[in-house]
Amino acid sequence: RDTLANKLEGFGSGADDYLVKPFAMPELEARLQALARRGRGELTTALLMVADLTFDPKTLRVERGGQRIDLAPIPLRILSILMRHSPAVVRREDLEREIWADNPPDSDALRAHIHALRSAIDRGAEISLLHTVRGIGYQLAGPDER
């Protein structure tokens, strides 16, 4: 089970990792900790920036134009996802899956959270950063990135 063909078959079947026996317990623990970090969304800890909007994943601090913005937990998660993928369009289904896993709420819940996020980050700003891409999803992008 340690041949390249076995490993490729495992990855091809959807495995995220492949550990060959015998293995050292510290290696298993390190791999499990890495998977747990990924599951909690701790991949990105660097300051995220889109135009004059900043988000610090470590402190959960959001600012636009130097002004602090307080967000509820779900709009904050949406912002984090959109900023990590900016300027790409994030499909509605992908957002719902990342936020609610396999238990998405009713169809208006995401729209309501997007509205709250848009109101918070674009209120009073000359340039809107949060854009709806009709029939597809949402995009967080500055004017030169659209």
Are any residues in region 3-36 at pLDDT below 75, part of a loop (DSSP other than H, G, I, E, B) and either exposed (fewer than 10 other Cβ atoms within 10 Å of the Cβ) or in contact with a Ser or Thr (Cβ under 6 Å, 6 or more places away or on another chain) (or both), and if so, which ones?
Ser13, Gly14
Which count do you get for residues in region 117-135 that are out of contact with any strand residue (DSSP E or B) (no Cβ under 7 Å at 6 or more places or on another chain) and either of a type in the set (Lys, Arg) or in a helix (DSSP H, G or I) (or both)?
3
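Could you tell me which of the residues His131, His85, His115 is under 30 Å from Arg31 (Cβ atoms) and not charged (D, E, K, R)? Even if it seems obvious, please write down each step before you answer.
On the way: His131 fails: under 30 Å from Arg31 (Cβ atoms); His115 fails: under 30 Å from Arg31 (Cβ atoms).
That would be His85, the only listed residue that is under 30 Å from Arg31 (Cβ atoms) and not charged (D, E, K, R).
So which of Ala101, Ala120 ends up being loosely packed, with under 12 Cβ neighbours inside 10 Å, more than 30 Å from Asp2 (Cα to Cα) and either of a type outside the set (Asp, Glu) or modelled with pLDDT under 95 (or both)?
Ala101
Mind listing whichever residues of region 56-95 are part of a loop (DSSP other than H, G, I, E, B), crowded, with 19+ Cβ neighbours inside 10 Å and of a type outside the set (A, V, I, L, M, F, W, C)?
Result: Ser86, single match.
The values are calculated or read from the model by the stated rules, or taken from the named source; none is laboratory data. Just so you know, these numbers come straight off a predicted model, no measurement behind them. A quick note on method: Cβ atoms are made from the backbone with ideal geometry, for glycine too, and the neighbour counts reach across all protein chains shown.
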